[in-house]
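For reference, the structure is listed below as structure tokens.
The values are calculated or read from the model by the stated rules, or taken from the named source; none is laboratory data. Model, not experiment: these values are computed from the prediction. When we count neighbours, we look across all protein chains shown, and the Cβ atoms used for this are built from the backbone with ideal geometry, even at glycine. Surface accessibility is based on the protein's heavy atoms, side chains included, excluding ligands, DNA and RNA. Shrake-Rupley method; radii C 1.70, N 1.55, O 1.52, S 1.80 Å.
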Amino acid sequence: MDSATDPNTIKEDPVSVTVSAPPSKGIQQGVGESPSSSTSPAAPSRYESQKRRDWNTFLQYLKNHKPPLTLARCSGAHVIEFLKYLDQFGKTKVHMTGCPYFGHPNPPGPCSCPLKQAWGSLDALIGRLRAAYEESGGRPESNPFAARAVRIYLREVREGQARARGIPYEKKKRKRTSVTTSAVGINVSAVAATQAVDYGGVSGGTAGNLGTATTTTSL
């Protein structure tokens with residue numbers, strides 16, 4: 001079965017809720033203008049654009065909340081409520097306890113279990129909102145996105161989805177830098193020394209052997 005069309009396929013789906021915003025009044029590049037004009041502002045990165053969309057979505061959620069909420073009154077409980085609200089837009093199949101496919105890593109058929117936001121998507125979303133809150137003038141000590149209750153909720157979502165999938169989430173371990181030195185005597189008149197340094201990569205723990213140096217000394 002093609003995983004692209006399998007309704008039971010579980011994958012990290014990005015939060016795709018957007019909020020309409022008024023057009024920017026900034027300088028727009030007209031027809032015939034050079035793209036390298038000094039008056040053209042630098043385009044924001046993909047991360048910054050997504051962070052702005054997420055922040056606008058959350059502010060709109062507070063505005064539509066009943067009763068309406070202000071950012072100053074927002075707490076960790078309201079953040080958790082927002083995350084649960086986003087589940088209706090999720091694309092990840094999370095099997096319920098009574099489902100015959102509960103804990104099955106590769107379900108053979110469809111089921112009626114709900115679609116939710118994947119834990120990885122929610123975790124990344126909270127990271128962006130936490131940064132946006134402080135960039136908007138909020139104090140780190142009062143940041144509702146960094147509340148302990150939010151961290152506990154995310155951990156429960158991670159563990160629950162891991163049980164439902166039958167595939168535990170494992171943290172990637174970084175490989176520590178190791179130094180191996182070996183010396184081999186060739187004969188009475190020559191000695192060879194070889195030293196190799198293995199550096200663990202920053203992303204994904206990928207290790208690369210940077211080189212080997214050999215020195216021979218004649219007596």
Kindly indicate whether any position in region 130-150 is within 24 Å of Arg163 (Cα to Cα) and either open to solvent by 80 Å² or more (accessible area, probe 1.4 Å) or not in a helix (DSSP H, G or I) (or both). yes
If you go through region 102-117 one residue at a time, do you hit one that is closer than 30 Å to Trp55 by Cα, at pLDDT 90 or above, in a helix (DSSP H, G or I) and open to solvent by 20 Å² or more (accessible area, probe 1.4 Å)? no
Take region 55-74 and flag every residue that is among the charged types (D, E, K, R) and either part of a loop (DSSP other than H, G, I, E, B) or touching a residue at least 24 places away in the same chain (Cβ under 8 Å) (or both). Lys66
Based on this model, can you work out whether Lys93 counts as open to solvent by less than 80 Å² (accessible area, probe 1.4 Å), of a type in the set (Lys, Arg) and either within 20 Å of Glu159 (Cβ to Cβ) or in contact with a helix residue (DSSP H, G or I) (Cβ under 9 Å, 6 or more places away or on another chain) (or both)? yes
Examine region 88-95 for a residue that is in a helix (DSSP H, G or I), in contact (Cβ under 8 Å) with a residue 12 or more places away in the chain and touching an Asp or Glu at 6+ places or on another chain (Cβ under 6 Å), and state whether such a residue exists. no
Could you grab the pairs with beta carbons closer than 6 Å, sequence gap of 6+ or different chains, first residue in region 158-176 and over 17 Å from Leu122 (Cα atoms) and assigned to a loop (DSSP other than H, G, I, E, B), second one at pLDDT below 70 and not aliphatic (A, V, I, L, M)? Lys172/Gly205; Arg174/Gly200; Arg174/Gly205; Lys175/Gly200; Lys175/Gly205
